Amino acid sequence: GENVEQHPSTLSVQEGDSAVIKCTYSDSASNYFPWYKQELGKRPQLIIDIRSNVGEKKDQRIAVTLNKTAKHFSLHITETQPEDSAVYFCAATPRAGGSYIPTFGRGTSLIVHP
Amino acid sequence: DAGITQSPRHKVTETGTPVTLRCHQTENHRYMYWYRQDPGHGLRLIHYSYGVKDTDKGEVSDGYSVSRSKTEDFLLTLESATSSQTSVYFCAISESQNEQFFGPGTRLTVL
């Protein structure tokens, strides 16, 4: 099955700095890569996603890059703000038979200091 | 938030008792999932469903069973709860290979 490694487990930055979270995956059949943000005590919510036919995607201060050859993808947050503090999860989604079952990384706790 | 609810939201039970958690959706999405979330482990898949009466195991399915008799409901049952099943349980829904929408979570404590 799919295996997703996520690093770092904790990331501490100053407000205004950039933050980068990296994930690697093992199954070359994976073709959908979402990122979720989970604030303390809340449910995970999608912030950005990328499909395997695209190398990069941006949405305001966040961007995701994908390297299919190396099987890794990264989340980039620029001009970080205190409200960016949360746990971020990456996932890789291969097709298993007729089903799409995401495998999640273990999460990165991002702390943005004012 | 997508139309997805979980009940109960909090439950405290004793070792050896049966527990059923309910996930209800109003989005008519095909896929439904049960995850458990524990510190340091992220989101681990327990079981998932790809249609009415169609379910399959995830990576941590031991001690859990599921049922889906209607599109909108996905039940997770702990036949005999153990302390290792103390966790936060999230239900999620999706349509094909797209974004998952998560429920609000159920905090289960097994004493």
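The values are calculated or read from the model by the stated rules, or taken from the named source; none is laboratory data. Please read these numbers as outputs of a predicted model, since none were measured by experiment. Note that each Cβ is placed from the backbone with ideal geometry, even for glycine, and that neighbours are counted across all protein chains shown. For the accessible areas, the whole protein counts, side chains as well, though only heavy atoms, and no ligand, DNA or RNA atoms are used. Shrake-Rupley method; radii C 1.70, N 1.55, O 1.52, S 1.80 Å.
Taking the criterion of being at negative phi, at pLDDT below 95 and out of contact with any Cys (no Cβ under 8 Å at 6 or more places or on another chain), would at least one residue in the range A:2-11 satisfy it?
Yes, the range A:2-11 contains at least one residue that is at negative phi, at pLDDT below 95 and out of contact with any Cys (no Cβ under 8 Å at 6 or more places or on another chain).
Quick one: how many residues across the range B:15-31 are within 13 Å of residue B:70 (Cβ to Cβ) and not in a loop (DSSP other than H, G, I, E, B)?
4
Here are some residues: A:19, A:91. Which one is open to solvent by less than 10 Å² (accessible area, probe 1.4 Å) and at the interface with chain B (Cβ under 9 Å from one of its Cβ atoms)? Steps first, answer last, please.
Details: A:19 fails: at the interface with chain B (Cβ under 9 Å from one of its Cβ atoms).
A:91 is the lone residue from the list that is open to solvent by less than 10 Å² (accessible area, probe 1.4 Å) and at the interface with chain B (Cβ under 9 Å from one of its Cβ atoms).
Out of (1) part of a strand (DSSP E or B); (2) within 8 Å of another protein chain (Cβ to nearest Cβ), what's the single condition that is false for residue B:59?
Single failed check for residue B:59: (1).
Table: residues versus (1) out of contact with any Gly (no Cβ under 7 Å at 6 or more places or on another chain); (2) surrounded by fewer than 19 Cβ atoms within 10 Å (Cβ to Cβ); (3) over 27 Å from residue A:39 (Cβ atoms); (4) at pLDDT 95 or above.
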site: B:33; (1), (2), (3), (4): yes, no, no, yes
site: B:53; (1), (2), (3), (4): yes, yes, yes, no
site: B:59; (1), (2), (3), (4): yes, yes, no, no
site: B:70; (1), (2), (3), (4): yes, yes, yes, yes
site: B:91; (1), (2), (3), (4): no, no, no, yes
site: B:102; (1), (2), (3), (4): yes, no, no, yes
site: B:107; (1), (2), (3), (4): yes, yes, no, yes
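Of all the residues that make up the range B:67-111, how many are among the β-branched types (Val, Ile, Thr) and away from chain A (no Cβ under 14 Å)?
Summing the residues that are among the β-branched types (Val, Ile, Thr) and away from chain A (no Cβ under 14 Å) in the range B:67-111 gives 6.
Give the number of residues within the range A:50-88 that are within 14 Å of another protein chain (Cβ to nearest Cβ), surrounded by fewer than 18 Cβ atoms within 10 Å (Cβ to Cβ) and part of a strand (DSSP E or B).
3
Taking the residues in the range B:72-84 that are touching a strand residue (DSSP E or B) at 6+ places or on another chain (Cβ under 8 Å) and in contact (Cβ under 8 Å) with a residue 60 or more places away in the chain as candidates, determine which candidate is surrounded by the most Cβ atoms within 10 Å (Cβ to Cβ).
The selected residue is B:81.
In the range A:22-49, which residues are surrounded by 15 or more Cβ atoms within 10 Å (Cβ to Cβ) and farther than 22 Å from residue A:100 by Cβ?
Result: A:22, single match.
Out of (1) of a type outside the set (A, V, I, L, M, F, W, C); (2) touching a residue at least 40 places away in the same chain (Cβ under 8 Å); (3) in contact with a strand residue (DSSP E or B) (Cβ under 6 Å, 6 or more places away or on another chain), what's the single condition that is false for residue B:59?
That leaves (2) as the condition not met.
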